[in-house]
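Nothing in this text is a laboratory measurement; each read-out follows from the coordinates by a stated rule. Just so it is clear, the structure is predicted and the values come from calculations on it, not from any experiment. Neighbour counts run over all protein chains shown; Cβ positions are idealised from the backbone, glycine included.
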Amino acid sequence: MSEKCCCCGNSGNQFKELEPTLEKYARVPGSLITILQKAQEIYGYLSIDVIHHISKATGIKPAKIYGVATFYAQFRLQPIGKNLIMLCQGTACHVNGSQMIEEAVCEYLGISDGETTEDGIFTLNNVACLGCCSLAPVMMVQSADGDETYGNLTKDKVREILAEIRERA
Ligand code: FES
């Protein structure tokens, strides 16, 4: 039996992974953030289509959902690359040269903070403390294979790491 959308009743719902969350929270006041977090966890970002789908399920206008999604830094409205580089800019990393590491990453990949490479392999995000300050400067790379943390970075080391990841992709 094919899955049916909770909002329109159509089968072949492209957001079927989100249905359990919508069934649970769509009519619970104050649950929009929870729904958006789950949607982003599943799809990687909040597309216009998913925002409209959530709107239908919750009865909240798309403009309001979009407003919430743009207000909170945790939400992304663009797809991210296969590897999300979270480059720490916390105090310990900053003191140990995170700025220099960012320059090397940006130069090597040809992108800036918040951008994705054209080949879709990398997205770069500057983040606050990753909780492993003794390894400063640090970056974490999130991918389908899991999270990997790289510490004591230098310009050369970060370039080598990125080259290796690109080769594997
Ligand atoms: S400041 Fe970078 S890991 Fe804590």
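Annotations
- Any chance A128 is within 11 Å of the ligand (Cβ to nearest atom), exposed (fewer than 14 other Cβ atoms within 10 Å of the Cβ) and under 16 Å from the mean Cα position of the chain (by Cα): yes
Every residue, every condition in (1) more than 13 Å from the chain's Cα centre (by Cα); (2) within 16 Å of the ligand (Cβ to nearest atom); (3) within 30 Å of I48 (Cα to Cα), yes or no:
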site: G81; (1), (2), (3): no, no, yes
site: E102; (1), (2), (3): yes, yes, no
site: I111; (1), (2), (3): yes, no, yes
site: G114; (1), (2), (3): no, no, yes
site: V138; (1), (2), (3): yes, yes, no
site: Q142; (1), (2), (3): no, yes, yes
site: E148; (1), (2), (3): yes, yes, no
site: G151; (1), (2), (3): yes, yes, no
site: D156; (1), (2), (3): yes, no, no
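- Of residues in region 49-79 being of a type in the set (A, V, I, L, M) and within 21 Å of the chain's Cα centre (by Cα), the one nearest to C132 (Cα to Cα): A73
- Criterion: more than 16 Å from the ligand (Cβ to nearest atom), without any contact (Cβ under 8 Å) to a residue 24 or more places away in the chain and of a type in the set (F, W, Y) - qualifying residue of F75, F122, F71: F71
- Candidates are the residues of region 83-98 that are part of a loop (DSSP other than H, G, I, E, B) and over 18 Å from R159 (Cβ atoms); the one that is farthest from the ligand (Cβ to nearest atom) is Q89.
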